[in-house]
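Enquirer: One structure is given below, represented as structure tokens, and several questions about it will come after.
The values are calculated or read from the model by the stated rules, or taken from the named source; none is laboratory data. Small disclaimer: the values here were computed from a predicted structure and weren't measured. Every residue, glycine among them, receives a Cβ derived from its backbone with ideal geometry; neighbour counts consider all protein chains shown. Please note that ligands, DNA and RNA were not included when accessible areas were found on the heavy atoms of the full protein model with its side chains. Shrake-Rupley method; radii C 1.70, N 1.55, O 1.52, S 1.80 Å.
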Amino acid sequence: MLRLAHSSEPYWLDLLPGVRVRVRPVTVAMMLAAREAVSKVIRSDDREDLDLRTNIALVGELARRAIIEWEGVGDADGVPVPATPETIDLLMSNWAAFDEFDSRYVIPALKRDAEKNASSSSPPGTSAGETNTAPPVV
């Protein structure tokens, strides 16, 4: 069942011990921008590590659009830094942060999209997706 009770308020995600990010809820515009980032990777001539690079593009684009502030993130000297596209990219270059953001933000959004798609009807005018229930005619 598609649940329409969706909050539009930003919320906090704990990524690592002492590190949390405040994110916007996933929107259609964010997901379309992430898909465009993935399609640019796919259209490139470089076919090496394509799955890896598309995943990085998807998560990175969503992180840049979703993260609006954070706590516990600083520069090399430990001085707190603001969440900007550049510093968000640096945070996402940290495997543990990337993995947690993917697990706690991206994957749940993709699962919600899959739930919506799983309940769609069969293509019109065909019996695609249906199983035969009548015995064959002899």
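Enquirer: In the stretch 37-62, which residues are of a type in the set (D, E, K, R) and free of Cβ contacts under 8 Å to residues at least 12 places away in the same chain?
Expert: Across the stretch 37-62, the qualifying residues are Arg43, Asp45, Asp46, Arg47, Glu48, Asp49, Asp51.
Enquirer: Another question about this same structure. Out of curiosity, is Leu91 more than 12 Å from the chain's Cα centre (by Cα), exposed (fewer than 12 other Cβ atoms within 10 Å of the Cβ) and part of a helix (DSSP H, G or I)?
Expert: No: the conditions fail for Leu91.
Enquirer: Follow-up. Taking the stretch 10-64 on its own, how many of its residues are basic (Lys, Arg) and closer than 16 Å to Pro108 by Cβ?
Expert: So the count comes out to 1.
Enquirer: Here are some residues: Gly60, Gly18. Which one is out of contact with any strand residue (DSSP E or B) (no Cβ under 6 Å at 6 or more places or on another chain), of a type outside the set (D, E, K, R) and open to solvent by 30 Å² or more (accessible area, probe 1.4 Å)? First the steps, then the outcome.
Expert: On the way: Gly60 fails: open to solvent by 30 Å² or more (accessible area, probe 1.4 Å).
On inspection, the qualifying residue turns out to be Gly18.
Enquirer: Here is a follow-up. Given Asp102, Asp46, Asp113, which one is under 18 Å from Trp12 (Cα atoms) and either open to solvent by less than 80 Å² (accessible area, probe 1.4 Å) or at pLDDT below 90 (or both)?
Expert: Asp102
Enquirer: Further question: Run down Ala76, Ala83 and say which single residue is modelled with pLDDT of 60 or more, open to solvent by less than 40 Å² (accessible area, probe 1.4 Å) and assigned to a loop (DSSP other than H, G, I, E, B).
Expert: Within the list Ala76, Ala83, the selection yields Ala83.
Enquirer: Could you list all residues from the stretch 1-15 that are open to solvent by less than 100 Å² (accessible area, probe 1.4 Å) and at pLDDT below 95? Let's see the steps before the verdict.
Expert: First pass over the stretch 1-15, keeping only residues open to solvent by less than 100 Å² (accessible area, probe 1.4 Å): 7-8, 10-15.
Passing the criteria: Ser7, Ser8.
Enquirer: Restricting to the stretch 1-60, name every residue that is in a loop (DSSP other than H, G, I, E, B), over 20 Å from Asp102 (Cβ atoms) and not hydroxyl-bearing (Ser, Thr, Tyr).
Expert: Met1, Leu2, Arg3, Leu4, Ala5, His6, Glu9, Asp45, Asp46, Arg47, Glu48
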